[in-house]
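Here is the structure we will look at, set down as structure tokens.
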Amino acid sequence: MVRKKTLGSRLFTIFLYTFLGLLAVTCLYPIWYAFCLSISDKTAANSGLVTIMPVGFSTIAYREIMGDAKFFHSFWVSVQRTVLGTAFSMLVMIMMGYPLAKTKKEFKARNIIMWLLMFCMVFNAGTIPWYMTMVSYRLIDKIWGLILCGSLPVFNLIIIMNFFRGIPSDLEEAARVDGAGPWRILFQIVVPCSVPVIATMVLFTSVGYWNEFFQGLVLSTSDKHYPLQTYIQQMVVNTQSAANMSPDELKLMSQLSNKSLDAAKVFIAMVPMLVIYPFIQKYFVTGMMVGAVKG
């Protein structure tokens, strides 16, 4: 028999949907505002007239970006950093998370390694020792310098490790009976059963690499080595004065607002993560362990 909803439950449902709708709007509005500002004309952008709709349609900001070689070079640096960094980071976390998910009896050094990881997560030596370490390893102006920094997020490692602990031991025991070794068990049994957590950590790691700007600022001696977010940050902070502009640049600035140009670059920088997210989002709510072990 289906129980009818009471008035209180209906009101709670309405409140819940209203609250979640408003929360979604607050998350989407900054993206929509950046897009509206990027296609608005100079007068409207500088006067603060753009709110929820573009004012005066203009694509000059995007035409300017199409001719900005530094922007696309920084974009390519960020693509390399994100792809290589995410792949390297996930490989390290998977290979560390698997043995750390074992008991102390199975892996004797487990507690020592976990204490070291927790200590490094809580205590930070600071920027200067970190920079001196990067200099000593000759990672300045190198793509691997941008990749190796933060390639082992301890919090993400703990999440993966705890997920590995939840995998039924019957699967590994059956694989050992069939003659599988640790490497085969990890990559043919554990990893396929851990697709949801791995996909989630791929998203978190890739977003972290893509949005990080401070490391690019410190580890790069010239703007040609900047990742995209560092380039945008420097572009917003360092505004070129009219005295240093060429006649062509002055003509362009008479038609283009810096606010529209900045908004266009910020919007383009968000697009890759917005495109990737829908393909990974399904793993947040689905699992792959259902039916893996028969009772």
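The values are calculated or read from the model by the stated rules, or taken from the named source; none is laboratory data. Everything quoted here is computed from the prediction, not taken from an experiment. Don't worry about glycine lacking a Cβ; one is built from the backbone with ideal geometry, like all the others, and counts go over all protein chains shown. Just the protein is used for accessible areas: all its heavy atoms, side chains included, with ligands, DNA and RNA removed. Shrake-Rupley method; radii C 1.70, N 1.55, O 1.52, S 1.80 Å.
Among the residues in the range 59-68, are any touching a strand residue (DSSP E or B) at 6+ places or on another chain (Cβ under 7 Å), over 24 Å from W144 (Cβ atoms) and buried (at least 21 other Cβ atoms within 10 Å of the Cβ)?
Looking through the range 59-68, none of the residues is touching a strand residue (DSSP E or B) at 6+ places or on another chain (Cβ under 7 Å), over 24 Å from W144 (Cβ atoms) and buried (at least 21 other Cβ atoms within 10 Å of the Cβ).
Pairs are defined by a Cβ separation below 9 Å, a sequence spacing of at least 6 or placement on different chains, a first member in the range 149-169 that is surrounded by fewer than 17 Cβ atoms within 10 Å (Cβ to Cβ), and a second member that is basic (K, R); the pairs so defined are R165/K102. Selection of first residues in the range 131-144 that are under 13 Å from P227 (Cα atoms) and surrounded by 12 or more Cβ atoms within 10 Å (Cβ to Cβ) and of second residues that are modelled with pLDDT of 90 or more and basic (K, R), restricted to Cβ pairs under 8 Å at least 6 apart or on distinct chains, gives the following pairs, ordered by first then second residue: I143/R81.
Grab the helices (runs of 4 or more DSSP H) fully contained in the range 59-156, keeping just those with 2 or more residues being of a type in the set (F, W, Y). Give the steps one after another, and end with the answer.
Working: elements: 60-66, 69-100, 110-122, 127-136, 143-148.
In the range 59-156, the matching helices (runs of 4 or more DSSP H) lie at 69-100, 110-122, 127-136.
Restricting the range 84-98 to residues that are open to solvent by 40 Å² or more (accessible area, probe 1.4 Å) and touching a helix residue (DSSP H, G or I) at 6+ places or on another chain (Cβ under 8 Å), the residue that is farthest from F187 (Cα to Cα) is L84. Kindly evaluate L117 against the criterion of being closer than 21 Å to P153 by Cβ, open to solvent by 30 Å² or more (accessible area, probe 1.4 Å) and out of contact with any Asp or Glu (no Cβ under 6 Å at 6 or more places or on another chain). No. Considering (1) within 24 Å of Y209 (Cα to Cα); (2) surrounded by 15 or more Cβ atoms within 10 Å (Cβ to Cβ), the lone condition that N124 does not fulfil carries the number (2). When you check A174 against the structure, is it of a type in the set (G, A, S) and either assigned to a helix (DSSP H, G or I) or surrounded by fewer than 11 Cβ atoms within 10 Å (Cβ to Cβ) (or both), yes or no? Criteria met by A174. Would you confirm whether any residue within the range 38-53 is in contact with a Gly (Cβ under 7 Å, 6 or more places away or on another chain) and acidic (D, E)? Yes, some residue in the range 38-53 is in contact with a Gly (Cβ under 7 Å, 6 or more places away or on another chain) and acidic (D, E).
Got a number for residues in the range 77-95 being among the aliphatic types (A, V, I, L, M), closer than 22 Å to Q215 by Cβ and more than 14 Å from the chain's Cα centre (by Cα)? Full working, then the answer.
From the range 77-95, those among the aliphatic types (A, V, I, L, M) are 77, 79, 83-84, 87, 90-95; that's our starting set.
Filter again for closer than 22 Å to Q215 by Cβ, leaving 77, 79, 83-84, 87, 90-93.
Subsequent filtering for residues that are more than 14 Å from the chain's Cα centre (by Cα) retains 77, 91-93.
Total meeting the criteria: 4.
Here the range 208-257 is the region considered, the condition is being buried (at least 20 other Cβ atoms within 10 Å of the Cβ), assigned to a loop (DSSP other than H, G, I, E, B) and polar (S, T, N, Q), and the residue that is modelled with the lowest pLDDT is S257. The set of residues in the range 12-42 that are open to solvent by less than 100 Å² (accessible area, probe 1.4 Å), over 20 Å from F267 (Cα atoms) and either touching a residue at least 24 places away in the same chain (Cβ under 8 Å) or not polar (S, T, N, Q) (or both) comprises L16, L20, G21, L23. Within the range 181-207, the set of residues being open to solvent by less than 20 Å² (accessible area, probe 1.4 Å) and not in a helix (DSSP H, G or I) comprises just one member, S194.
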